[in-house]
């Protein structure tokens with residue numbers, strides 16, 4: 001495992017030389033998802049042509065920065081609400097029951 005940088009300058013130098021943004025093997029996100037594969041959230045696709053043009057312009061300006069890996073335009077969205085990890089039997093507050101998905105999909109029209 002890579003040791004944490006002791007100064008900002010050291011961290012900045014590592015970032016500038018990195019080929020990926022995952023600088024540590026065990027991150028907060030890694031710990032949070034441990035043992036769980038599916039996370040449910042309500043997403044709204046960005047369809048407005050003006051918003052999409054603006055996002056494309058921003059991506060065009062940053063895409064060549066080492067470590068930046070923009071999402072493809074088919075995935076541009078706004079996360080409205082995170083629901084939790086999808087499981088058969090919820091045992092924690094951040095879990096949602098898999099069996100409820102058909103009901104939610106009907107209500108949302110998808």
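The values are calculated or read from the model by the stated rules, or taken from the named source; none is laboratory data. Note that the structure is predicted; figures quoted are calculated from it, not measured. We place every Cβ from the backbone using ideal geometry, glycine too, and count neighbours over all the protein chains shown.
Of note:
- Picking from residues in the stretch 66-86 that are over 30 Å from residue 106 (Cα atoms) and surrounded by 10 or more Cβ atoms within 10 Å (Cβ to Cβ), the one that is modelled with the highest pLDDT is 70.
- Residue that is nearest to residue 14 (Cα to Cα), among those in the stretch 35-62 that are in a loop (DSSP other than H, G, I, E, B) and modelled with pLDDT of 90 or more: 46
- Residue 74 being without any contact (Cβ under 8 Å) to a residue 40 or more places away in the chain and in a strand (DSSP E or B): no
- Checked against (1) outside the structural domain of residue 102 (by TED's automatic domain parsing); (2) at pLDDT 80 or above; (3) surrounded by 10 or more Cβ atoms within 10 Å (Cβ to Cβ), residue 8 passes all but a single condition, namely (3).
- Among (1) modelled with pLDDT of 80 or more; (2) loosely packed, with under 11 Cβ neighbours inside 10 Å; (3) out of contact with any strand residue (DSSP E or B) (no Cβ under 9 Å at 6 or more places or on another chain), the one test that residue 107 misses: (1)
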